[in-house]
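Notes follow once the structure below has been shown.
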Amino acid sequence: MKLKSSARRVAKKFAVVSAIALMSGIMPMVAGAEQAATDQQAPAAEAPAAEAPAAAPAEAGDAAIGKALFTGEKGFANGGPACISCHGASIGTLGGGTLGPDLTKVYVDETKNPLLSAVWINSDGSPTMGPIFKAKNVTDEEVDHLRAFLKGQGQQTPASAGTGTFAGIGILGSVGMLVLFGLIWSGRYSKRNRDTAHDAIWRNYGGKGGA
């Protein structure tokens with residue numbers, strides 16, 4: 001009986017020790033697993049927000065003055081022609097000239113942006129602009145104003161050329177002028193030739209001179 005009782009006590013102690021040893025091994029494993037899961041989630045939680053694209057640098061010029069220079073409302077200091085006479089930039093009723101390229105997107109185009117400089121405009125870089133602005137240079141300050149204006153225009157969609165509208169206005173204007181001159185000068189011929197031999201001949205042959 002004593003032997004059995006001793007065996008039971010030893011068995012209980014062994015079970016207790018085994019349980020303690022087992023728990024000692026499991027707890028670090030559980031803690032390690034929890035820590036690993038936390039470490040994996042931390043980068044996602046702490047990941048910095050994606051950086052916003054860098055804003056375009058501010059231009060030194062005044063966009064309002066640049067617009068006035070482009071449209072001709074304000075003249076260039078050295079007498080150069082207004083940009084709108086040859087270029088469009090999605091501004092104005094008729095959209096500007098078509099001799100040169102549309103400049104709506106010139107500022108945001110990395111391949112063309114460097115050309116917005118007094119050095120290039122006043123040089124022989126363009127067969128059309130070169131001879132004009134080489135003699136009538138634009139200033140660096142004026143180009144700064146133009147760059148500020150074209151920076152804002154770069155956010156717009158290029159407008160279609162107003163060639164058709166311009167042609168229609170020209171035709172209607174010509175017809176209107178002919179009608180106006182016809183009304184003003186309609187009686188001039190008859191008054192000039194009244195009571196003359198030429199007037200009599202016209203009347204005899206059914207002309208309008210004496211009417």
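Condition check ((1) under 11 Å from K151 (Cα atoms); (2) outside the structural domain of E141 (by TED's automatic domain parsing); (3) in a loop (DSSP other than H, G, I, E, B)) across all residues:
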| position | (1), (2), (3) |
| --- | --- |
| A58 | yes, yes, yes |
| P81 | no, no, yes |
| G96 | no, no, yes |
| D102 | no, no, yes |
| V106 | yes, no, yes |
- Task: Restricting attention to segment 107-142, report how many residues are of a type outside the set (S, T, N, Q) and more than 20 Å from the chain's Cα centre (by Cα).
- Result: 18
- May I ask you to verify whether L116 is closer than 18 Å to H145 by Cα, surrounded by 15 or more Cβ atoms within 10 Å (Cβ to Cβ) and in contact (Cβ under 8 Å) with a residue 60 or more places away in the chain? no
- Task: Give the residues of segment 65-92 that are surrounded by fewer than 17 Cβ atoms within 10 Å (Cβ to Cβ) and hydrophobic (A, V, I, L, M, F, W, C), sorted by residue number.
- Result: A68, A77
- Per the filter on segment 58-76, residues over 16 Å from T104 (Cβ atoms), without any contact (Cβ under 8 Å) to a residue 60 or more places away in the chain and not hydrophobic (A, V, I, L, M, F, W, C) are G72, E73, K74, G75
- Name the residue, out of V143, V138, that is assigned to a loop (DSSP other than H, G, I, E, B), at pLDDT 95 or above and closer than 19 Å to A60 by Cα. V138
- Message: I'm trying to understand the selection: among the residues of segment 91-113, which are in contact (Cβ under 8 Å) with a residue 60 or more places away in the chain and in contact with a Lys or Arg (Cβ under 9 Å, 6 or more places away or on another chain)?
- Response: I91
- Query: Are any residues in segment 73-113 at positive phi and modelled with pLDDT under 95, and if so, which ones?
  - Reply: S90, G92, G95, G96
- Task: Among the candidates G61, G100, G95, single out the residue that is closer than 23 Å to P158 by Cα, surrounded by 20 or more Cβ atoms within 10 Å (Cβ to Cβ) and touching a His at 6+ places or on another chain (Cβ under 7 Å).
- Result: G61
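The values are calculated or read from the model by the stated rules, or taken from the named source; none is laboratory data. From a predicted model like this one, the values you see are computed outputs, not experimental measurements. Backbone-built Cβ (ideal geometry, glycine too); neighbour counts: all protein chains shown.
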